[in-house]
Every structure is written in structure tokens, then in C-alpha cells.
Protein chains: 4
Amino acid sequence: MKSMALIISTDNPHSSCTTVRVPFYDTDALGVVHHANYLRYFEDGRVDWFRKRGVAYGSGLGASLHLAAVESHEHYRSAAHFDDLLVVCVRITELQRISLRFAYTIERQADGVRIADGETLHACVSDAFRLKRLPPAVREVLWGPEQGGSIQPEPAEPHARS
Amino acid sequence: MKSMALIISTDNPHSSCTTVRVPFYDTDALGVVHHANYLRYFEDGRVDWFRKRGVAYGSGLGASLHLAAVESHEHYRSAAHFDDLLVVCVRITELQRISLRFAYTIERQADGVRIADGETLHACVSDAFRLKRLPPAVREVLWGPEQGGSIQPEPAEPHARS
Amino acid sequence: MKSMALIISTDNPHSSCTTVRVPFYDTDALGVVHHANYLRYFEDGRVDWFRKRGVAYGSGLGASLHLAAVESHEHYRSAAHFDDLLVVCVRITELQRISLRFAYTIERQADGVRIADGETLHACVSDAFRLKRLPPAVREVLWGPEQGGSIQPEPAEPHARS
Amino acid sequence: MKSMALIISTDNPHSSCTTVRVPFYDTDALGVVHHANYLRYFEDGRVDWFRKRGVAYGSGLGASLHLAAVESHEHYRSAAHFDDLLVVCVRITELQRISLRFAYTIERQADGVRIADGETLHACVSDAFRLKRLPPAVREVLWGPEQGGSIQPEPAEPHARS
């Protein structure tokens, strides 16, 4: 029960999107983006998601705190090609004492075709890779909308945490 | 029911292992292997797994047949470092008419610590990325042990395919 | 002599710049961008350079023509870090019958520090990797300024090609 | 003059070779190894070269000493393909107070075709990226042959260092 109380509902409405232009070096001999690159595009989107909340991905979680990847899951839906402009959208779906879960979608901007989607789970760790609590102030920010430019309204009753 | 009949039991005993030496360029600023590389190590293991069954990964499935990644799932268990020698073991766990599923484990050779594990699902496709049946002859080989050097005995009653 | 006549003066004034945000996965265990990535940032800049001249890098050189890398040279001047915004500027410095040479500079936007520079030489090839002449119409465009938005004036006496 | 005295002749006979199996994810949409990967294969060879001299590439130069890449130069001679087994040979060609230069060749094992060659220049730096002298003991080892298994004879009059 206690641990469940820390889970925030998974319908967080605050997604952020960024674009990735497919470089030639990410294609493979089948003429399409090699699937292992999508996990990197997820990271491109996630770093941008942090930036849009004013949190520096590397150090902003607090002194010497980092996010270590614990798990990831990818679905490859359709092939992307060199020079495609992809839209990577990121949403936080779970925020616990030491972990965060993100959901991702990647679509091609030109035709809206879904290219890939998936999720990643991260744990907050110290420089020595020991599990650490996410600072409450950071948690507040992470669950919220983009800072200083978001057009998405803050939900009336943002999120019950107890 | 029919589709279930095509699933072969998931306890295929024939795994193959290869080693990967962690290159410096796969580490990140936290001093460890960046997690997105493990999906590539899975592929290193899978290609070697095919080679050990006499099947060229690229073209050997039959004329103009390829394996497209459909889904992948990774658990990152412990950090690996530059120059670690990793043992990547691969096992086929599902073999259907058009798809194959592989399970992977990655352990550090020096101390046996589990670094990562996961699975990938692939579909057999043509040059034009249309779904194609896996040739029966290839299926036979893929479900079996390494060719020409394996010491693992062929199971007495291998696996019903009909 | 004849071959020299094909070399266009190396002081082509038409450079184009693009930005690259350093991803975390491009850093290494020394905490800086691994040097092998700069060659990819050069390509990011070069592809953008082609786009700004209305030439699709992949196929726009003409039917089934491609640019194969022949040679590259990089100087690593200063370390870049995760999340740095880098400005990659590209200039064509040589345009021969079948080859092109590009010069690159990479600077950090925040402080103007030179991070890296270098050059690459490419040859025009067919699908079968046979050397092919660059189509004259493409050569014209490649030597010129950005299309449809460049503020750089066309030089009065553009460039003698004979 | 003084600085020249530190240059050791470039005809160091002690090369070391390692093999690299081309992974599918290193190919590009032209069906060949993307050229930016060869710089990584150079590093694979260089790390192995250090290992064969009993020097851990990361830390073995002495406490908190590292090798930062200063310059690199690559010639791409012929295309390599997925699953090719490449032989990467490395030789040290210059050893100064703070810098080392390496020469590389990459050939395909099956037919001996030269795929690429080039060189890299590295400087010895501290954790804070300040230039440091290479420890004399390390210099001795680096200029010599492989340890404990080399069949190459030590040259009669190895190399004057003063």
C-alpha cells in the first residue's frame, strides 16, 4: 500500500515533443533506420523533455544525482528512412520515490505514420550508483507541464499523491 | 488454436554464446556502458548464433528474406565498464510461421555478474518489407543446436512442428 | 594542367551552418564527447548544407548517384560536453569532375570556442560503386549559395570552371 | 632541434593486429560500412595494441593519465560489408614527450583487400585535461614489441631516445 501511494496516476497529460532528423549513419543495409537507434531517439526526446521543465538532465536532479536506465521496451511499427523528420513525444507515466517511467512515441512528421513507441524506467542514483530518493522539489517539476512557454493548462486538480 | 500449434515450446535448450569486449566509445560520462549499446550487443550475439548454425544472417534465410526487428525488451542489471569482457548468450524461445523470438543474457566474464538481459522479436520480410514465411528448412536449423561442433545432444523428441 | 583546370579556387565564400546538441550517448568515460563522433557531426552539417541548396543528399545528385567518402581529416581542438550546443559550419573547397572536398568547423555556441575542424573528400559513384561524373547542373548548385533564403550575395564573377 | 631529438624514427617494426567482425548496425543504406565507423575500428585495434603490451589503455599510463585524441586522418580505400572479418593492424610511429602517433591499416581477411588506413595523434593528459609527460617506463613499453608472446625479435639496436 505504502509503495502504491507513491505511484502517481499514469494519465499524466503533459507530454513534450522534439524532432529528430534521421542521419544517414543511422540507416543500415536494408535501407532503413537500424532499430537500435530508436532507443537513442527516445533519449533525445527525454533530454529535451527535461530541458523544457528547466531541469538539466545531468546534474539538475540535485547534487550528484543521476538517472540510471533500469529497463526499456520498444515496439518498431514502421520503417523510417534517411532524412525523415521524426517527432519524438515523451510523457512521464510513473513517478516513485526513486524511479521514473517514461512513455515515448515516434511518428514521421510528413505523414503521421507511427514509427516506434516504447517506454523506459530509470532509477535515481548517486555518483557511486547507489539508489537515492528523487528530491521532492524535482518531483514536483517533473510531474508538471513545460516551464515558461507551455500552452497546456495546469490541470485543475493536478495529482493526488497520497 | 491453429496459431498456437505453430509455437514451439519456449524451453529450447540450445543456446550459443559469444564475447564482446567493451570499447571505450561505448562508455558514457557516468563512466559505464551507455545502456543503448546493449541492444547492439544482443545483435552481436544473435548474428553469431546464426553463424554457428550455418545460416548467414543477411541472406541465408532464403533469397531476399530478412529479419526485421518488431519488438525488444531490455533489463539493465548492473553497470559494465570499458574493457570488460562480456559473455552474450542467445537462445531462440519462439519460432512461428513468420516470426522468431530470442532471449539474451549478458554477463561479465571475470565475475559472472549479470549485466543485462532481454529479448527481441523479429519478423521475416521480403526486400520490400512484406511479411514472408520462414522457409521450413531454415526453421529446422534455427531450432536446433550449433552445427559441426556442438556438444549439446539433439533432444530425443525434438519438437512437434505441426 | 588539365586536372588543375578542374579545380575551383578554394576560397568559396558560401558556407552553411547547422547546430548539433550533444547527446549524452556521445560522451565517453572521460566525461567529454568521444572524438569519433565529430565525423558524424561533420555529416550532419554536410547533409544540411545539401538541403539548403535544394539537393537531396541521397538521390538528388541524379539518378542512382551517391557520394562515397574517400578521405577525412579531423583536428580535435577542445573538449565538448553533454548538452553543449555546437555550431557546425560547412564550406565546399574543391569541386572536380568526380570529387568534392568540404571543410568543416565546429564551435560551441555559448562561448565560441573551437571544438574541432577538418575536411572530407568524396567521390561521385553509381549504385555499383563505379566512379561517375558529377552532373554539371548539380555542380552549379553545389558551388553556389544557399537557395531561397541566403543573405550572402552571389559573387560578382562567380567562378571560372574552364 | 631539441624537439626533434624526442622523435623516434618512424620505422618502428612492432605492429599488432586484431580482428573486427563487421556488425550489421555499422552498415548504411548504401549497403556498406559507414565510413565514420573506421575511426572506431582504429580504436578497437589501438586498445588491443595496448593490451598486448600489458598497458591498460584507461589507467595504465600511470595514475590519472589519459590519452586524448588530437588529430586523425583516414583513407577509405574499398567498401566493407556486413559480416566481413577485418584485420586491423596498428603500429606506433612517433613517441614524443607528451604525444604518440599511430598508423593503422584495415584489410579484409578473406581476400586481403585494403579497406582503409590512417593515423591518429594523441596527447597525454591529466584528469583535468592538462598536458602531461608520458611516464618514461610507459614509453619504453609502448615502443617495444608485444609482451609475453610476441614472435617478433627485439631489434638489435632498438632506438636511441636521447
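The values are calculated or read from the model by the stated rules, or taken from the named source; none is laboratory data. None of these values were measured; they are calculated from a predicted model. Every residue, glycine among them, receives a Cβ derived from its backbone with ideal geometry; neighbour counts consider all protein chains shown. When the accessible area is computed, the model is the full protein with side chains, heavy atoms only, and any ligands, DNA or RNA have been set aside. Shrake-Rupley method; radii C 1.70, N 1.55, O 1.52, S 1.80 Å.
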(request) Compute for chains A and D the buried accessible surface, both sides summed, probe 1.4 Å, and express it in Å² to the nearest 100. (result) 700 Å²
(request) Report the residues of the stretch B:14-36 in range of a label on B:Glu146: point 7 Å along Cα→C-beta, backbone N strictly under 18 Å from it. (result) B:14-21
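Per residue of A:66-73, how many C-beta atoms from partner chains lie within 10 Å of its own C-beta, taken as a mean?
Details: counts 2, 2, 5, 8, 5, 8, 10, 6.
The mean count of partner-chain Cβ atoms within 10 Å per residue comes to 6.
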(message) For the pair D:Ala110/B:Ala110, report the inter-label distance in nm, with labels modelled 7 Å from Cα in the Cβ direction.
(response) 3.6 nm
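What's the Cα-based Rg to Rh of the stretch C:15-154, Rh via Kirkwood?
Working: Rg = 15.8 Å, Rh = 15.8 Å.
Result for the stretch C:15-154 is an Rg/Rh of 1.00.
In units of 2.2 N^0.38 Å, what is the alpha-carbon radius of gyration of the stretch B:75-155? Show your work: numbers first, answer last.
Working: Rg = 16.1 Å, N = 81, 2.2 N^0.38 = 11.7 Å.
That ratio works out to 1.37.
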(request) Report the far tail of the P(r) of the stretch C:93-140, meaning the percent of Cα-Cα pairs longer than 13 Å. (result) 65 percent
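What FRET efficiency, computed as 1/(1 + (r/R0)^6) with R0 = 30 Å and r the Cβ-Cβ distance, is obtained for C:Cys89 and D:Val87, rounded to the nearest 0.05?
Details: r = 37 Å, r/R0 = 1.23.
Taking R0 as 30 Å, the efficiency between C:Cys89 and D:Val87 is 0.20.
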(request) Note down the accessible area of C:Cys124, probe 1.4 Å, to the nearest 10 Å². (result) 0 Å²
(request) Please give the net charge around A:Ala69, taking every other residue with its beta carbon less than 13 angstrom from that of A:Ala69, where Lys and Arg add +1 and Asp and Glu add -1. (result) -2
(message) List the chymotrypsin sites (Phe, Trp or Tyr not before Pro) within the stretch D:100-149 that DSSP assigns to loop and that have no more than 16 neighbouring Cβ atoms inside 10 Å.
(response) D:Phe129
(request) Calculate the spin-label point distance for D:Ala128 paired with C:Ser78, positioning each point 7 Å from the Cα along the beta-carbon direction, and give it in nanometres. (result) 1.7 nm
(request) Please compute the net charge surrounding B:Glu146, taking Lys and Arg as +1 and Asp and Glu as -1 over other residues with Cβ under 9 Å from its Cβ. (result) +2
